[in-house]
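Trainee: Here's a structure for you.
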Amino acid sequence: MEIRRDGTWFHEGTPIGRAPLVRLFSTILKREGDRYFLVTPVEKVGIRVEDAPFVVQDFDVSGSGRSQSITLITNVGDHVPAGPDCAIKVNRDIGGAPRPYVHVRAGLEALIDRKSFYRLIDLGEPHEVAGTDWFGLWSRGVFFPIILLSELSPED
């Protein structure tokens, strides 16, 4: 089995088209180090994951500023409350483009899709973290740095 970068689940090279089956598999997915497994009481089957096993496709937001609360929604129906237990982070790919993720549960992450990431950026604001100015997001009292302010506004 395999989960592609876009969140599509495959079995023996064929996409699994039944959403309830994918949802069921997602609930038994476990991560051990860099490896992923589907684990039941009687079986443990390896699964290849190209990037992250889930993809954030939408989100809900309430409040604003420091009192803002963001709940991200994955392709398998998880509602992930960004906050102390479910951090948002942004990695950079080889070309420097942002690759945003959120921790879902037990070491499993979801890649935040482009449209959702752009919508999230509209909610961002500047904030100082350990003496450095960042642009980022607030959710449930936690600030998630996205990019250094100095990278947004090149110095003259």
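What follows draws every value from the coordinates through simple rules; no lab data is involved. For clarity, every value in this text was computed on a predicted model and none was experimentally measured. Cβ coordinates were reconstructed from backbone atoms using ideal geometry, including for glycine residues, and neighbour counts include every protein chain displayed.
Trainee: What does the convex hull of the alpha-carbon atoms of segment 111-152 project to on average, in nm²?
Mentor: 3.3
Trainee: Mind listing the long-range amide H neighbours of V104? Cut-off is under 5 Å, sequence gap 5 or more, other chains count too, H placed in the peptide plane at 1.01 Å from N.
Mentor: Hits under the 5 Å cutoff: E109, A110.
Trainee: With a 10 Å radius around each residue's Cβ, average the other Cβ atoms per peptide and rank 128-134, 23-29, 100-106, highest first.
Mentor: 100-106, 23-29, 128-134
Trainee: Using Cα springs under 10 Å in a Gaussian network model of the chain, which residue among R18, R119, R66 shows the largest mean-square fluctuation?
Mentor: Per the Cα network of the chain with a 10 Å cutoff, R18 tops the list.
Trainee: Can you list the lysines whose alpha carbon is less than 22 Å from that of K115, not counting same-chain residues fewer than 8 positions off?
Mentor: List returned: K89.
Trainee: Here's something else I'd like to know. With runs of 4+ DSSP H residues as the only contributors, calculate the mean residue ellipticity of the chain at 222 nm using -39,500 (n - 2.57) per run, divided by the residue total and rounded to the nearest 500.
Mentor: Taking each H run of at least 4 residues, the total per residue is -3500 deg cm²/dmol.
Trainee: Please list the radius of gyration and Dmax for the chain, considering alpha-carbon atoms only, with Å as the unit.
Mentor: 17.1, 63
Trainee: Let's see if you can work this out: charge +1 on each Lys and Arg Cβ, -1 on each Asp and Glu Cβ, no other charges. What is the dipole magnitude of segment 1-146 about its Cα centre, in debye to the nearest 20?
Mentor: 240
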